[in-house]
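Participant: One structure, pasted below without further comment.
The values are calculated or read from the model by the stated rules, or taken from the named source; none is laboratory data. Since we're looking at a predicted model, the values are computed, not measured. We place every Cβ from the backbone using ideal geometry, glycine too, and count neighbours over all the protein chains shown.
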Amino acid sequence: MLGKRSWRDWRNQWVMSPRFQRWAAAFPLTRSIARLEAREMFDVVAGFVYSQVVLACLRLGLLERLRAGAVSESELQVQIDLPPAALRTLLRAAAALELVELRDPGVAVNREREDPSRSWGLGLRGAALLGNPGVLAMIEHHAVLYADLVDPLAMLAAPRGSTGLAQYWPYAAVEAPGAVASDSTRAYTRLMSASQQLVAGEILDAYAVRGHRCVLDVGGGDGTFLRALAARAPEAQLMLFDLPGVAAQAESAFAAAGLAAKARVVPGDFSRDALPTGADLITFVRVLHDHDDPRVERMLRAAYEALPPGGRLLVAEPLAGTAGAGRMGDAYFGVYLWAMGSGRPRTAAELTDMLRAAGFRRIRRRPTRIPLQTSVLVAERG
């Protein structure tokens, strides 16, 4: 009997065969599978083009111009600085991705004689994007990553910390993150805030924070997550721990939200400093996967030492090996974090082992609505 590895090798030889591919595309029982696989493969090949179509739409403000309703193509030509034929190409591409849609589909079907009086409106995905500022911020930010990926082999072979993306996250590849100048933290703090807006509701729906008297968010940026938490648990005191340059931004944001009296901001470097005590819940929201294993192990031990017996730790981030989100884990975050110069995607099992090694017990994974965006692990100090 063929072993598992031999079976897969045999399967691959058949799949590589042009004769088999022609047969699979024609045979009634395999035709739909062959077509699906062809479409999936093409999407992998064309993914960069799709992402750049989205970026072009955002930078031109195309989706925003359609927010209130459909607009004629002639009006768009006046508003957008592109030659008519180029704009038409972009509109067709955006329509194929369901970012926009033609509202007069019966007009000017002939592509050689386009009718500029026809109107375009938001498509389903375009409307979803406009309703999610965090995703819009990430799309714009990806231009930095894509610049590094122009030559992916050079990016992979380069010393970690030497890429353009590593310069965007200057704390990631330095020995003393606390020494990073405050001016260089503003751009990534804004991006962290946008990304946490994506997941704050997911996390707070997965874990009920009411009942905790004090919550410490480690690496909490400008306090976006804690401000969302305060709406769910108005009785809880808030603490935020982050680099000195970021901490000042958090203080301003808490004051603007009317939370200055109940929010304490502690500047520090969790790669070196002890965490403040007093919280019965400590949170790491999209923080651990940014760091290599030795630093994560230190952070988890520091959290354990800062918690009282029975205190809890909540870890929220996308996890490798998540069912239905495998590409997000290793294909996206694996490459992103390599380019960033620090960190890696981890599975729930890997994080569970690290939590146990730090002393935590009763480690549970809490279900979230969209695991692709974030998963939640909760652990207890013994």
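Participant: Among the residues of the range 336-367, write down those that are surrounded by fewer than 17 Cβ atoms within 10 Å (Cβ to Cβ) and within 30 Å of ALA154 (Cβ to Cβ).
Facilitator: THR347, GLU350
Participant: Another one. State the number of residues belonging to the range 224-236 that are crowded, with 16+ Cβ neighbours inside 10 Å and more than 16 Å from LEU314 (Cβ to Cβ).
Facilitator: 1
Participant: Still on this model: Looking for whichever is in contact with a helix residue (DSSP H, G or I) (Cβ under 7 Å, 6 or more places away or on another chain) and either modelled with pLDDT of 75 or more or of a type in the set (Ser, Thr, Tyr) (or both) here; the options are VAL49, VAL54, VAL44. Which one fits? Explain how you work it out, then say what you get.
Facilitator: Working: VAL49 fails: in contact with a helix residue (DSSP H, G or I) (Cβ under 7 Å, 6 or more places away or on another chain); VAL44 fails: in contact with a helix residue (DSSP H, G or I) (Cβ under 7 Å, 6 or more places away or on another chain).
Matching residue, one of VAL49, VAL54, VAL44: VAL54.
Participant: Can you tell me which residue among ALA358, ALA279, ALA349 is modelled with pLDDT of 95 or more and in contact with a Phe, Trp or Tyr (Cβ under 7 Å, 6 or more places away or on another chain)?
Facilitator: On the way: ALA279 fails: in contact with a Phe, Trp or Tyr (Cβ under 7 Å, 6 or more places away or on another chain); ALA349 fails: in contact with a Phe, Trp or Tyr (Cβ under 7 Å, 6 or more places away or on another chain).
Going through ALA358, ALA279, ALA349 in turn, the sole match is ALA358.
Participant: Here's a check for you: in the range 1-41, which residue that is closer than 27 Å to LEU97 by Cα, of a type in the set (Lys, Arg) and at pLDDT 75 or above is surrounded by the most Cβ atoms within 10 Å (Cβ to Cβ)? Spell out how you get there, then give the answer.
Facilitator: Initially, the range 1-41 is screened for residues closer than 27 Å to LEU97 by Cα, giving 25, 30-41.
Pick out the ones that are also of a type in the set (Lys, Arg) and you get 31, 35, 39.
Pick out the ones that are also at pLDDT 75 or above and you get 35, 39.
Values: ARG35: 12, ARG39: 10.
Going through the qualifying residues, I end up with ARG35.
Participant: On to the next question. For residues in the range 250-275 being of a type outside the set (A, V, I, L, M) and not in a loop (DSSP other than H, G, I, E, B), which is farthest from ARG301 (Cα to Cα)? I'd like the intermediate steps shown before the answer.
Facilitator: Let us first name the residues in the range 250-275 that are of a type outside the set (A, V, I, L, M), namely 251-252, 254, 258, 262, 264, 267-273.
Next, from what is left, pick out any that are not in a loop (DSSP other than H, G, I, E, B): 251-252, 254, 264, 267.
Values: GLU251: 27, SER252: 30, PHE254: 28, ARG264: 22, PRO267: 19 Å.
The selected residue is SER252.
Residue-wise test of (1) crowded, with 22+ Cβ neighbours inside 10 Å; (2) part of a loop (DSSP other than H, G, I, E, B); (3) out of contact with any Pro (no Cβ under 7 Å at 6 or more places or on another chain).
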{"position": "ALA279", "(1), (2), (3)": "yes, yes, yes"}
{"position": "THR283", "(1), (2), (3)": "yes, no, yes"}
{"position": "ALA302", "(1), (2), (3)": "no, no, yes"}
{"position": "ALA316", "(1), (2), (3)": "yes, no, yes"}
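Participant: Considering every residue within the range 49-70, establish whether at least one is surrounded by 15 or more Cβ atoms within 10 Å (Cβ to Cβ), in contact (Cβ under 8 Å) with a residue 24 or more places away in the chain and touching a Lys or Arg at 6+ places or on another chain (Cβ under 7 Å).
Facilitator: yes
The rows are residues; the columns are (1) modelled with pLDDT of 85 or more; (2) in contact with a helix residue (DSSP H, G or I) (Cβ under 7 Å, 6 or more places away or on another chain); (3) acidic (Asp, Glu).
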| site | (1), (2), (3) |
| --- | --- |
| MET155 | yes, yes, no |
| SER162 | yes, no, no |
| ALA166 | yes, yes, no |
| TYR171 | no, yes, no |
| TYR188 | no, yes, no |
| ARG232 | yes, yes, no |
| MET239 | yes, no, no |
| PRO244 | yes, yes, no |
| GLU251 | yes, no, yes |
